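Here is the structure we will look at.
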Amino acid sequence: MMLKFRILFFLLFVSFVCKAQQDSISLSKHIDFLIYLNDNGQLDDLNYQGDKLLLNKYYNNDQKDSLNFILGMINYRASKHSQSLHYLKEVTDSSIFYYKSKFYSGICQTEFHEYDSAFATIANLPTGDVELLSQLKTYELAAFSLLKRDYLGYDSLALKFNSDDSLLHSEQIILNDNQQKLRNLKRRSPLVAGTLSAIIPGLGLAYSGNNGQALAAFIRVAALGALTIEDYIKLGPENPQFIIFGSLFSFFYIGNIWGSALSVKIRYDEKIKEIDHNVMVGLRIPIDHFFR
Amino acid sequence: MFTPNRIYPIFASMKFKVTISLFLLVWIASTICCEGQSPSKDMELIFASQKTHTEVPYNPPFMFVSKNKILRYNPISLAFGGLMYFYQHVVSPQISAECPYEISCSNFSKASIQRYGLIKGIALTSGRMMRCCKVAAVDINPLFIDEKGKLIEDPEQFTLK
Amino acid sequence: MSWWVCGFLLIISLDKSSASSFREADSLFSAGLYHDAQIAYEFIAFENQDNELIIANALLKKANCLKAENHSDKVFQTLSRCKIDKLDDSLKANIYFEQSLSAFNAGNFNIARKTIEPLLSLNTNREMDLASVFLCSLILDELGEWAISKNNLISYLNRDTTISQSLKDSLKNNISLIYNPDLYPRLKKIKKARLLSMILPGSGQLYSGKPWKGVVAFGLVALSGAYVYYDIVSELYLAAAVGFYLGETFYVGNVNQVNAIIIKRNQHKIDHFNVVNKSELSQFYKKISHL
């Protein structure tokens, strides 16, 4: 009887251990579940479940790192950059995903225009003697200093550009082109734009860089002008129709000049934004390629 | 004889047996009947609910909303605001107007008058009306076109600084 | 006794079947932890990916959680992940019902109608049958199809075996009182209004019940016509061309405006009629479901 009882209690003990382990052993299963949630488009559930798993005290640091990394990457692919940054920041330097997560969190930070912190994130990465990694780091740092408008920093980093890899090499050339464009971009004179628009309506808009708007403005102002001239010739200067069209024409004429002068600055800002966007797209290409 | 009942007398008590068997019963019952909400309950909820009307988009009144009393109450801006109100409510639905810009011309006009005052506001409006055409989208970068396919333009941009 | 206790504890600890997972998730749901319950149901669906039946059950329960959290707009998308053709009728009916309920709440009446119509031909229990017929009538009412709605209700009465014949007749009487064709709102026809507006600008607006808009439309077209005439008389051909362009814009705009007006007016009339109809239908539903 005593023996039976002992065996029974042993069995009970084993079964409870099994039950307790149900929660902690299956991290790979949990990760599969997260991927399943992502495949079915349940991103809210995924982040909720991820946060819950990260609070589990039975996981060691390595396991938490991989969880953080996976959650960060899924959010990054879904363009949820703030969530992604939140997870990627937590990956510690003992993880095999450390470099990958640092590079991607740098990209996420540029989405919020935090160029300084993005620079600091990657500048502190120890690359050792891995040639490709240090080249990648130099490239990213150069792009960040371009986004910060730190041309001196860019120049010193660009001197180190020396890649055997064809993709990185071509990206470096594109980055250099963008840098040249950004440096040579000069703000055009609002005075010239206004004067041009006064001579031929809409020409100032074309000068500041928008031909479509220029064409539209030219046709409308010219049509109003033609109407006014017709009225002047056929009805004389004292006819109310001439006065109405004349004042309308002068309103639009002045408005067009004023608008052309101010559009110079708008186009300039848009061009800068365009180049910044190109640089930011260029940031992702080599990283997506090397860390596939 | 050595039995568990002697070591742990609680196992032998009647109360314990009753508790265990009740627990077992509840446990088995919960396995069998785990039903969701019934359709009849849903229907009762639906019949009880009232249809909520979709909110009418906010249309600014003909008066300029501004702390500047000169802008607010002077006859020219009242007349201009009235004209704008007339255009937005009477003429614009008549001509099925379609502005290619994100802030439509009339709203741009209101916003720019509120931002820069009457003179610059009217000048900017007339400049804008001259440009308001689908041709204007020709050499705009897709970055500055929103998801509805309209060109983004903000009156705040129209300064020299 | 001790054998019994230990065996019972063993069963609990080794029980890993889907029923026990369902039970755990249900306890989360009844404790009000809806988000946790949703994830627990998703986990069940994940663990039994080759079993369509369990997936459908889990997703249905997840839909319940979503409804409890007031996220009924997500229900349609969640349930569309079920593969419906392999399921039995009652489960199918549940899925269709939840989906069309979600679409109905979101105001997508056409989608709700498409989802609920296959449900009417399935074999289900009386409660589900009744609920789906009434939901279908509510949807059809919103779309202005009162005649079909009435037919559905009558054909339901014909196939219900729990009601006696004499009671059926009085209930049918009740239906024809609720859906009285004389009380149906008179909806305006878009085609007719467009044609009227093409012949005489503004008359379409008058027909659709907005006389002042009609006056403005006619005035604008007439004014630009007069302006063109005046220009031609005084030999201002450029101004005449501009006037013609303006007049054409006003004319086309006036025809297009009629569309929007009529859709808005008809919707208003339908809503007005349905408010009364819904309360009567609700009483009728209570009466019939307690039989």
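The values are calculated or read from the model by the stated rules, or taken from the named source; none is laboratory data. Here the structure is a predicted model, which means the values were calculated and not measured. Using ideal geometry, Cβ is built from the backbone for each residue, glycine included, and neighbour counts are taken over all protein chains shown.
Looking only at segment A:41-56, count how many residues are buried (at least 17 other Cβ atoms within 10 Å of the Cβ) and either of a type in the set (F, W, Y) or assigned to a loop (DSSP other than H, G, I, E, B) (or both). Total satisfying the criteria: 1.
Here's the yes/no breakdown for (1) under 27 Å from A:I70 (Cα atoms); (2) not hydroxyl-bearing (S, T, Y); (3) not in a helix (DSSP H, G or I):
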position	(1), (2), (3)
A:I96	yes, yes, yes
A:I107	yes, yes, no
A:S117	yes, no, no
A:A120	yes, yes, no
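Is it the case, given these coordinates, that A:L168 is within 13 Å of chain B (Cβ to nearest Cβ) and surrounded by 15 or more Cβ atoms within 10 Å (Cβ to Cβ)? Considered against the rule, which asks whether it is within 13 Å of chain B (Cβ to nearest Cβ) and surrounded by 15 or more Cβ atoms within 10 Å (Cβ to Cβ), A:L168 comes out as no.
For C:Q38, state whether it is facing another protein chain (nearest Cβ under 9 Å), within 23 Å of A:K29 (Cα to Cα), surrounded by fewer than 16 Cβ atoms within 10 Å (Cβ to Cβ) and more than 24 Å from the chain's Cα centre (by Cα).
Working: facing another protein chain (nearest Cβ under 9 Å): yes; within 23 Å of A:K29 (Cα to Cα): yes; surrounded by fewer than 16 Cβ atoms within 10 Å (Cβ to Cβ): no; more than 24 Å from the chain's Cα centre (by Cα): yes.
Answer is no for this residue.
Residues A:R284, A:R267: which one is modelled with pLDDT of 90 or more, within 30 Å of A:L133 (Cα to Cα), part of a helix (DSSP H, G or I) and among the basic types (K, R)?
Details: A:R267 fails: within 30 Å of A:L133 (Cα to Cα).
On inspection, the qualifying residue turns out to be A:R284.
Only a single item in (1) closer than 26 Å to A:S26 by Cα; (2) away from chain B (no Cβ under 14 Å) is not met by C:Q77, and it is number (1).
Taking the criterion of being in contact with a Pro (Cβ under 9 Å, 6 or more places away or on another chain) and surrounded by fewer than 20 Cβ atoms within 10 Å (Cβ to Cβ), the only residue of segment A:258-292 that qualifies is A:K265. Residues in segment A:247-268 that are more than 7 Å from chain B (Cβ to nearest Cβ) and farther than 14 Å from A:L205 by Cα: 4 in all. Taking the criterion of being under 40 Å from the mean Cα position of the chain (by Cα) and of a type in the set (S, T, N, Q), the residues of segment A:187-236 that qualify are A:S189, A:T195, A:S197, A:S208, A:N210, A:N211, A:Q213.
A Cβ distance below 8 Å, combined with a sequence gap of six or more or placement on separate chains, defines the contacts here; from segment B:115-136, residues that are more than 7 Å from chain A (Cβ to nearest Cβ) reach residues that are among the basic types (K, R) and surrounded by fewer than 18 Cβ atoms within 10 Å (Cβ to Cβ) in the pairs B:G121/B:R115.
Can you go through C:A45, C:A131, C:A112 and tell me which one is out of contact with any Gly (no Cβ under 6 Å at 6 or more places or on another chain), crowded, with 21+ Cβ neighbours inside 10 Å and within 30 Å of A:D51 (Cβ to Cβ)?
None of the other options fit; the residue is C:A45.
For segment C:212-240, the tally of residues that are over 47 Å from the mean Cα position of the chain (by Cα) and surrounded by 14 or more Cβ atoms within 10 Å (Cβ to Cβ) stands at 10. Residues of segment B:137-161 that are within 27 Å of B:Y73 (Cα to Cα) and more than 10 Å from chain A (Cβ to nearest Cβ): B:P155, B:E156. Look at segment A:96-115: where a residue is touching a residue at least 60 places away in the same chain (Cβ under 8 Å) and a partner is part of a loop (DSSP other than H, G, I, E, B) and surrounded by fewer than 20 Cβ atoms within 10 Å (Cβ to Cβ), sitting 6+ places away or on another chain with Cβ atoms under 6 Å, you get A:K100/A:F291.
From the list C:N125, C:N173, C:N158, which one is farther than 25 Å from C:G107 by Cα and within 14 Å of chain B (Cβ to nearest Cβ)? C:N125 is the lone residue from the list that is farther than 25 Å from C:G107 by Cα and within 14 Å of chain B (Cβ to nearest Cβ). Within segment B:136-161, being in contact with a strand residue (DSSP E or B) (Cβ under 8 Å, 6 or more places away or on another chain) and charged (D, E, K, R) holds for B:K150, B:E153.
Going by what's in this entry, would C:S203 be described as within 14 Å of another protein chain (Cβ to nearest Cβ), of a type in the set (S, T, Y) and touching a helix residue (DSSP H, G or I) at 6+ places or on another chain (Cβ under 9 Å)? Spelling it out, it is not the case that C:S203 is within 14 Å of another protein chain (Cβ to nearest Cβ), of a type in the set (S, T, Y) and touching a helix residue (DSSP H, G or I) at 6+ places or on another chain (Cβ under 9 Å). Considering segment B:78-109, the residues that are touching a helix residue (DSSP H, G or I) at 6+ places or on another chain (Cβ under 9 Å) and among the hydroxyl-bearing types (S, T, Y) include one that is nearest to the other protein chains (Cβ to nearest Cβ), namely B:S96. When only residues in segment A:178-217 that are surrounded by 24 or more Cβ atoms within 10 Å (Cβ to Cβ) and more than 17 Å from B:V138 (Cα to Cα) count, which is farthest from the other protein chains (Cβ to nearest Cβ)? For segment A:178-217, the residue satisfying everything is A:A193. Annotation note: of A:I107, A:I122, A:I96, the sole residue that is more than 18 Å from the chain's Cα centre (by Cα) and of a type in the set (V, I, T) is A:I96.
When A:R220 is tested against the conditions (1) within 25 Å of A:H113 (Cβ to Cβ); (2) within 7 Å of another protein chain (Cβ to nearest Cβ); (3) of a type in the set (K, R), the lone failure is (1). Whenever a residue of segment C:160-174 is loosely packed, with under 10 Cβ neighbours inside 10 Å, its partners that are assigned to a helix (DSSP H, G or I), lying with C-beta atoms within less than 7 angstrom and at least six residues away or across chains, give the pairs C:T162/C:R126. Taking the numbered list (1) among the aliphatic types (A, V, I, L, M); (2) over 29 Å from the mean Cα position of the chain (by Cα); (3) farther than 17 Å from A:G209 by Cβ in turn, B:V138 passes all entries but (3).
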